[in-house]
Amino acid sequence: MRRLAGPAETGYSLAACVRAGGFLVDPEWYRDAVFYELHVRAFADGNADGVGDFLGLTERLDHLVDLGVDCLWLLPFYPSPRRDDGYDIADYCAIDPAFGTLDDFRLFLAEAHARGLRVITELVLNHTSDQHPWFIAARASRDSPLRDFYVWSDTTERYRDARIIFCDTEKSNWTFDEASQAYYWHRFYAHQPDLNFDNPKVLEEIWGVMRFWLDQGVDGFRVDAVPYLIERDGTSCENLPETHGVLKELRRRVDTAYPGHAKVLLAESNMWPEDVRPYFGDGDEFHMAFHFPIMPRMFMALRLEDRKPIIDIIERTPSLPPGGQWGLFLRNHDELTLEMVTQIERDYMWDEYARDPIARLNLGIRRRLAPLMDNDRRRIELLTAMLFSLNGSPFLYYGDEIGMGDDVTRGDRNGVRTPMQWSSRRNAGFAPAEVTSLFAPLIDDPVFGFASVNVESQRGSTSSLLSWVKALLRVRKQTHVFGRGTIRFFTPKNHRVLCWLRSLDAEDVLVVNNLAATAQAVELDLADFAGAVPVEMFGGSLFPRIKATSYMLTMAPYGFYWFRLRRI
Amino acid sequence: MGHQSILSDALLEDLVAAGQADVLVGIPTLNDVHTIGPVVQAIGAAFAGPLHRQRTVLLNIDLGSSDGTPEVIRRGSRSDELVAVRHPLRTVHRISVPYHGAPGRSGALRLVLAAADLLGVRSVAIVDPARGPPDPSALATFFLAPHATGLDFVRPRPPRSPHEAPLITQLVRPLIAAAWGRGFAEPAATELACSRRFAAAHAGMDLWERSAADEAIDVRLSSLALQPTWRAGELFTTEDAHAAHAAVPLARAFRQVVGATLRSLLEDHAAWTALSPASATPLATLGSPQPRTVAPPQFPVDDMQAAFAEGMGTLAPILATFLPNETMTALGRVAAGDAPFDEALWATVLFHAVAASVRRVLPVDEVAMALLPLYEGRAAWFLLATSALGDEGASARNTSLADAMQAARAEYVSQLPGQAPRGG
Amino acid sequence: MGERLLEVLSTTVSGFIDALLAFLPRLLSMLVILFVGLLAALVMQRVVRWLARLLRLGRALERTGAGAALQKVGVEKPDALLGTVALWLTFVGFALLALQAAGIGGAETLAADLMRFLPRLLAAMVVVLIGFGIANFLWRLVLLAAVNMRIEGAPLLAALVRAMVLLASVAIGLDQIGIGAQVVQTGFAITFGAVMLAGALAFGLGGRHVARRYLEEKLLAKKPRDDEPSHL
């Protein structure tokens, strides 16, 4: 048996909740929460211009409440040239007019909070758009007072050890600026110059941005591209101690300025877990960070019908400080990244999940969950159930709750950022506008098209994927054990069965997953729980009492069980 | 009556855990601790390297080693210097179980084939634990051969000079090939790879029940695989897995291998005599022949000739029980140095030996023992006649031996009761 | 005189006729029994042959090697031989019955003796037959093994073994029948002992190198011999 020391066991109790603004605020609410990631642009159109906006989103909040999610993560909605889907920000403290006004945003936030939904937004620290007034001023002249907001050099010789992340499009991390006759540093696209965090003024400006949004009422930030804030020669310019210094300072300011509001900071750092671990600090840096490497391994384990990839990555996942939590996801707005796998594993994943090279992008696969699973409900359900029962807070990507499809023929990652499919009516119920005015074409293929895959039809069916996901969320919410419990892996002889135990105080939940497309038998050593009665959590069925001898289970193809082990 | 399973509960439990697999590699062992380490190491490297996409299982059936062989296999390495290879993708299944049946290779092989059937593999291979240090990528090619080529049975074919291994080239190979119309270059090889279909068809056969089948099992499997039902082939290799077996004394090796050959032809007599050799599908060949780098050994030809002459004199009463007078006379002339031991005579002798085995004039082992001096005579003559000819000349001789065998076979079949004479 | 002669003649003739008439039924019954016996013997022969074939007795004999040996002495088919033996045994049994029916003196005792003797005879025959088979089998095996191992004097060794076994089986067979039991046993013991001693001496002293080579091959067979290239 393997034990993954998760966050120190912190039982949930009312006493731990802090009274803030008249509401009970659990300071670790994010550990129980289910997150829902969405594009304002792609979710719902409220003003009939073919582009999603805050009005539309506000109107659709009831769907999210019905689904049972706790927190919305909004992708960038700031003014932007939109050359990197909004991650190239031209103005941090405004709303892109296409999505509405600041008042629309405030209305949305109030409506969401009124429904018990929290909202986190994007904080792009590392870089701005080259259209941002700061950069326009900085490149205007070498003597500009804002020149030091960015990283400049006369040669490309500095920071040569830093890798190029968007290797498909960028040849160098330096781009020559004709106007000021110097190179500027960018870890991503050339139109996204990196901010210079060695300049204390930059930190102050960013803190101003954070205050602006926190004052609007947002519940935290998903902080983009955190490892790359500071550059130093002779290093990879990633995960530097100075970068951690910047982040710790921002966390300190948040905690000081908003005591008791339980604002959350979530790091995006596509790294090995041991490299991500420092971003939690000693509980004084990030509250959460995404666990990137486990995601491709879940897909890989399913295709290999072998739990080894997951066990391997769990074995190299360090424990977190109190209050720390992993963010887990199956799919998001980016490609299914294969950076954190070996070459052999990457080749395997490409061959198995992206045989058509057009589905590949950078070091990943630009597809949604359902097409990756060949639209096989059993596999979609198994992976989702695993996501919801592992040790972390699950993130759902919009549309995956109904099994939406994608279109790999569209450029970049636009194929997985298509309009939400609300109904089979005109424009999938997304926008009361002309079809030609939609910001992007709808998915309309026979399998995944909005006529067959949409919220309205699935809401009416008890056997739909949507109904199943809702049921899954309800079951998860019965207990805090999934969000806060420790996790311990069992290794029965049958490697097709992945089995773990979540424990919190006196509560134990046993999770058994069959990764194989065939029925499997497994014998579990549950001697520690002899005498307990397993109660299946979805249907409440009682299973035979556990004895000191090995416990035999038979598993349907891609089947899974969540058992609450009741000592009665 | 309850069914007596050949699978122990422990093995079954391991097989349940291994589940469906693509490639099963079986190693029957008996006190092979000195050679097994590198072999298991190479198999692990093949699993983790070229075969990393396949679901692989290593199954060791230990026949009662007292030197710790199974422990070495379970650990995957014998000492610290051999670092176990970690599989990049999958869980590694390395099963080692003791075999409790009657001692001998055949029971172990049967278990491997039965396990392959249960696991639904695409390829199952038997690896000789005493073989020389193997190359992982060559091993992988061998393991995958049935799956990759659609063949049911594949024998490795190491490079050999025609002046080597006269027992194979002069007796076992041409006799079996003549019977079935096609034959493996190494019918007595201890390694094989086969399809699940072949494994399933043979795991349950009663051939395993005969105690006599034990030493004969390799030749017998070759013979079974040559039946027209099976798609059989050979894989050219660069290695010589036989190197480790060079030490067996001739008399014993001869009795075992020739006994096995005759017994195989006896067991499958109805099958091979009923088919027309000309219509047999030739064996598939995989890869290309590799050059032989080792010089052929020098045989004590004079001694062999002396043994022939002595044997002819001493064993005449026994030989006469299955060889007709004119053959005896011809042999006598050869022994006296008055005539060559040519292909036609040798082929005739061998098919009379087959007839003696089939008609049970003598027990098969005794027929084999009676043949030893004659073999020494033929082998000595062949080696002398071809020593100056080089490899090509020797190969030509062997081709004409194959033709003579076909003629003798036709003659033999035509004389069987109820057989219409067959052209040939 | 003539009358006297006639009377004598008639008395004799009538006496003879009387005697003949008195014996005729016995003669007839004897002939009938003989005839029936002949039929029964023929039937028996068929039955035994059929049984022998059914039980594959011939093949079993061949396996022991006795079949081949029988062939050498002119018996091509062991089944037929068994049939013939059955035929004659049956016929002799009926013949004894016939003699008894004819009232010929001593026939009863003879029949009883034969009935008592028959099982022993059969047992002796079986013993000798088996001994013959074993002797032949061992002879072949020893000869082949000795030649295979290049042992000098292989035919002599094989012949000795055969002679020993034959001698033993004949001795046991004779013992069964009860002929000269003491003499046979003593004679056998002396011969056997002498032959064994001679063999042991020959093998141990004369054939030291042979013995060593044999033991080496048997016990140390796995060790490579540099001077012998592999034929495999």
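Computed from the coordinates by the stated procedures, all read-outs in this text should not be read as laboratory data. Source: prediction; values computed, not measured. Cβ atoms come from the backbone with ideal geometry, glycine included; neighbour counts cover every protein chain shown.
Observations, loosely collected:
- Cα-Cα P(r), segment A:432-568, percent of pairs per 10 Å interval: 11, 31, 27, 15, 11, 4, 1
- Count of lysine pairs in the protein assembly as shown with Cα separation under 19 Å (8 or more residues apart, or interchain): 4
- Of the two radii for chain B, the radius of gyration is 0.99 times the Kirkwood radius, both from the alpha carbons; that is the Rg over Rh value.
- Protection proxy ranking of B:388-395, A:412-419, by the mean of other Cβ atoms within 10 Å over each peptide's residues and highest first, is A:412-419, B:388-395.
- Helical content of the protein assembly as shown, expressed as a calculated mean residue ellipticity at 222 nm, amounts to -14500 deg cm²/dmol (DSSP H runs of 4 or more residues, -39,500 (n - 2.57) each, divided by residue number, nearest 500).
- Proxy reagent accessibility, fewest Cβ within 10 Å first, across B:Phe254, B:Phe382: B:Phe254, B:Phe382
- Sorted fewest first by neighbouring Cβ atoms within 10 angstrom, A:Ser129, A:Ser541, A:Ser153 come out as A:Ser541, A:Ser153, A:Ser129.
- Start at zero, step by 5 Å, and the Cα-Cα distances of segment B:104-235 spread as 2, 11, 20, 24, 23, 14, 6, 1, 0 percent across the bins.
- Principal semi-axes in Å for segment A:155-253 [√(5λ), Cα gyration tensor, largest first]: 27, 15, 13
- The residues A:Cys167, A:Cys93, when put in order of fewest to most other Cβ atoms within 10 Å, stand as A:Cys167, A:Cys93.
- Scaled radius of gyration (Cα, divided by 2.2 N^0.38 Å) that segment B:268-343 gives: 1.70
- The distance between label points at A:Arg474 and B:Ala407 comes to 9.0 nm (points 7 Å beyond Cα on the Cα→Cβ vector).
- Cα shape, segment A:339-479, gyration tensor, a/c 1.5 rule: oblate
- Using distinct alpha-carbon pairs, which all enter the 1/r mean, Kirkwood radius of the protein assembly as shown in Å: 38.5 Å
- When the alpha carbon gyration tensor of segment A:92-242 is reduced to an equivalent ellipsoid, the three semi-axes, largest first, read 32, 17, 14 Å.
- Taking every DSSP bridge with both residues inside chain A, close to 65 percent are antiparallel.
- Calculated on the alpha-carbon coordinates, the convex hull of segment B:312-387 measures out at 79 cubic angstrom per residue.
- Cα centroid separation - segment A:79-127 against segment C:1-37, whole Å: 149 Å
- For chain A, the share of alpha carbon pairs falling in successive 10 Å distance bins from zero is 3, 17, 28, 28, 17, 6, 1, 0 percent.
- Axial C-alpha extent at least 20 Å, average Kyte-Doolittle at least 0.0 - helices from chain A (DSSP): none
- When the Cα atoms of segment A:133-185 are aligned to their principal axes, the ranges along those axes come out at 32, 20, 18 Å in descending order.
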